[in-house]
Amino acid sequence: MESIGRAFGQQQYQDSTLASPQIAGSDLVSLENIQYTQTKTVVLSREFLRRQRVIAGYSPCDFVDAYKILRTRVLHKMREQGWNTLAVTSPSAGCGKSLTAINLALSIALEVHQTALLADANLRDPTVHRYLGIDPAVGLGDHLTDNVPLPKILINPKGISRFVVLPGKRPTFNSSELIASPRMAQLVQELKHRYPSRFVVFDLPHLGTADALSFAPYVDAAILVVEEGKTTQQELSRAIAVLEGTPLVGLVLNKADNGAVKQT
């Protein structure tokens, strides 16, 4: 497994140059000229994104480069196997997996020949929309429980043309049952096969939940996010054992405090 450690230190803010050309709003015409016919397009606050440590709020810097390195290694391993669905999870709560999922998906979307869909599959506590500063009318739980069509849920941040979000909305009471349902399995397959150029990143609950255990077999591979100074060797070993049967393509060491990016 590859391991990348990175610090979440303070970064000097400048006007970001990460955004792609603006778009209109879910059918892809080409990667150079993407047009959305149904997906809702929203404007994000760059300053809010920076405060949340989302890379779209930053100019190029070591913080952004760490995710690009992670993206390069993950995509290389996934492409070798012909895979395009990836789960991001952690041994326990608070390790930073949701932010890692967001920034990895954004980094993938910045590749010229790749599009990315980020799905908030943490039905018990969806947080992706809060990191991005959006207030979706409906979420993934509504698709699973009330058959709300996906085009009414998907969101494209304006200016990031190759990036689409399938957000959550509110905690779902029967999250474990919904995650394990045939409808969820069908949804993953639909997202996996709909567009050849699309890479799908799922933000999962941590591995102490039944939800994550039920969902892991649906995807091609997983990334495990651990927290420096908090995650124990016992927790890490248990998490790897729990994911047995789901290929583990990366281990992210999060919240490193040395101010530098490590690769081992």
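The values are calculated or read from the model by the stated rules, or taken from the named source; none is laboratory data. Computed from a predicted structure; not experimentally measured. When we count neighbours, we look across all protein chains shown, and the Cβ atoms used for this are built from the backbone with ideal geometry, even at glycine.
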Task: Filtered residues of region 146-172 (kept if among the hydroxyl-bearing types (Ser, Thr, Tyr) and more than 20 Å from Arg130 (Cβ to Cβ)) - done: Ser161
Open item on the list: Take Ile160 and tell me if it is touching a Phe, Trp or Tyr at 6+ places or on another chain (Cβ under 9 Å), among the β-branched types (Val, Ile, Thr) and either under 24 Å from Cys95 (Cα atoms) or at pLDDT below 95 (or both).
Closed with: no
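Looking at Gln233, Gln263 in this structure, which one is at pLDDT 90 or above, among the polar types (S, T, N, Q) and surrounded by fewer than 18 Cβ atoms within 10 Å (Cβ to Cβ)?
Going through Gln233, Gln263 in turn, the sole match is Gln233.
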TODO: Identify all residues within region 157-174 that are crowded, with 17+ Cβ neighbours inside 10 Å, out of contact with any strand residue (DSSP E or B) (no Cβ under 6 Å at 6 or more places or on another chain) and farther than 20 Å from Ala137 by Cβ; write none if there are none.
DONE: Gly159, Ile160, Ser161
- [ ] Among the residues of region 127-157, write down those that are of a type in the set (S, T, N, Q) and either in a loop (DSSP other than H, G, I, E, B) or more than 20 Å from Pro205 (Cα to Cα) (or both).
- [x] Thr127, Asn147, Asn156
- [ ] Those residues that are closer than 23 Å to Glu235 by Cα and either polar (S, T, N, Q) or surrounded by fewer than 21 Cβ atoms within 10 Å (Cβ to Cβ) (or both), I need them from region 97-126; list them, please.
- [x] Ser98, Thr100, Asn122, Arg124, Asp125
Open item on the list: Please go through region 79-96 and give me each residue that is at pLDDT 95 or above and among the aliphatic types (A, V, I, L, M), ordered by number.
Closed with: Leu86, Ala87, Val88
Task: Selection from region 95-126 of residues that are in contact with a strand residue (DSSP E or B) (Cβ under 7 Å, 6 or more places away or on another chain) and part of a loop (DSSP other than H, G, I, E, B) - done: Cys95, Gly96, Gln114, Ala121, Asn122, Pro126
Task: In region 192-204, residue farthest from Ile240 (Cα to Cα) [restricted to those that are touching a Leu at 6+ places or on another chain (Cβ under 9 Å) and modelled with pLDDT of 95 or more] - done: Phe199
- [ ] Please specify each residue of region 245-260 satisfying the condition of being at pLDDT 85 or above and over 10 Å from Glu228 (Cβ atoms).
- [x] Gly245, Thr246, Pro247, Leu248, Val249, Gly250, Leu251, Val252
